[in-house]
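Notes follow the structure.
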Amino acid sequence: MLIQLLSNHPEAVVQIVKQTPLWVGGLLAALLALGTSQLRYRTASLVRITVMPVAMTAFSLWGTFTAFGSSPMFTEVLIAWAAVAAVTLALIAPGRTNATYDGGTRTYAIPGSWVPLALILGIFMTKYVVGVELAMQPQLARDGQFTLVVGMLYGAFSGIFTGRAARLWRLAARPSAAAVAA
């Protein structure tokens, strides 16, 4: 509906943006800053690399709860979210990383990547578009296909974030890393 509206009436973008609460722009700016910070080489501690997937998973769950918390499909949406998150995590986590771990300083050296920025914007845009769609068509919260697809999309974002972090956690858990730390 939203894409159809915007393709037939591009001027509707102005009205949609005008109806958007001001804090959403602040949130977008903060998320853009966070995602942009991931574009350059950096060092980070275990705690710091854990914060991003936890925060983005919370953002994903928040999107799911705010969109479908009162929907009769909510249980199914959560199951779909969890299933896709788990499968995506299982597919992503075993992959390789270009980061390194220094057991002596207990820090990671992480090359820059556009992937976190893309995932952050993906979650934000999903939440925004779903919010607009539900404001225009509240009955979509009862539409099984819509709710499950959105729940699975949120789950995929969470699984990717957590899977990428798991690759880093694995570096610290290697015996060679633990031996250096000792």
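Just need log10 I(q)/I(0) for the stretch 68-157 at q = 0.20, 0.24, 0.25 Å⁻¹, Debye formula, equal scatterers on the alpha-carbon atoms, no solvent, rounded to two decimals.
Log-scaled intensity ratios, in q order: -0.98, -1.20, -1.25.
Starting from the stretch 1-102, pick out the chymotrypsin sites (Phe, Trp or Tyr not before Pro) whose DSSP state is loop and whose Cβ has at most 15 other Cβ atoms within 10 Å. Numbers along the way, then the final one.
Values: sites: 23, 41, 59, 62, 65, 68, 74, 81, 101; in loops: 41.
Passing both the DSSP loop test and the Cβ count: 41.
Among 123, 139, 47, which residue has its Cα positioned farthest towards the positive end of the charge dipole of the stretch 2-181, with +1 placed on the Cβ of Lys and Arg, -1 on the Cβ of Asp and Glu, and the dipole taken about the Cα centre?
With unit charges placed on the Cβ atoms, the residue in question is 47.
How much net charge surrounds residue 116 when only other residues with a Cβ under 12 Å from its Cβ are counted (Lys, Arg +1; Asp, Glu -1)?
Details: positive: 40, 42, 164; negative: none.
Net charge in that neighbourhood comes out at +3.
Restricting to Cα atoms and excluding each atom paired with itself, what does the Kirkwood estimate give for the stretch 34-90 in Å?
Result for the stretch 34-90, one decimal place: 13.3 Å.
If you place +1 on the Cβ of every Lys and Arg, -1 on the Cβ of every Asp and Glu, and leave all else neutral, what size is the dipole of the stretch 59-147 about its Cα centre, to the nearest 20 Debye?
Numbers: 4 positive and 4 negative charges, 37 e Å.
That gives a dipole near 180 debye.
Among residues other than residue 54 whose Cβ falls under 15 Å from its Cβ, what is the net charge (Lys/Arg +1, Asp/Glu -1)?
Working: positive: 48, 164; negative: none.
Once positives and negatives cancel, what remains is +2.
Which net charge results when you count Lys and Arg as +1 and Asp and Glu as -1 among the other residues whose beta-carbon is under 13 Å from that of residue 68?
Numbers: positive: 127, 142; negative: 76, 133, 143.
For residues surrounding residue 68, the net value is -1.
When you take every Cα atom in the chain, what is the radius of gyration, and what is Dmax, the widest Cα pair distance, in Å?
18.9, 64
How large is ³J(HN,Hα), in whole Hz, for each residue of the stretch 43-48 in order, when computed from phi with the Karplus curve 6.51 cos²θ - 1.76 cosθ + 1.60 and θ = phi - 60°, using x for Gly and Pro?
Listing the rounded values in order: 10, 8, 8, 4, 4, 5 Hz.
Treating only the Cβ atoms of Lys and Arg (+1) and Asp and Glu (-1) as charged, compute the dipole magnitude of the stretch 2-181 about its Cα centre; round to the nearest 20 debye.
Charge dipole, the stretch 2-181, about its Cα centre: 740 debye, nearest 20.
Each reported figure results from applying straightforward, stated rules to the coordinates on display, with no laboratory input. Remember, it's a predicted structure, so these values are computed and weren't measured experimentally. With ideal geometry, Cβ positions are generated from the backbone for all residues, glycine too; neighbour counts draw on all protein chains shown.
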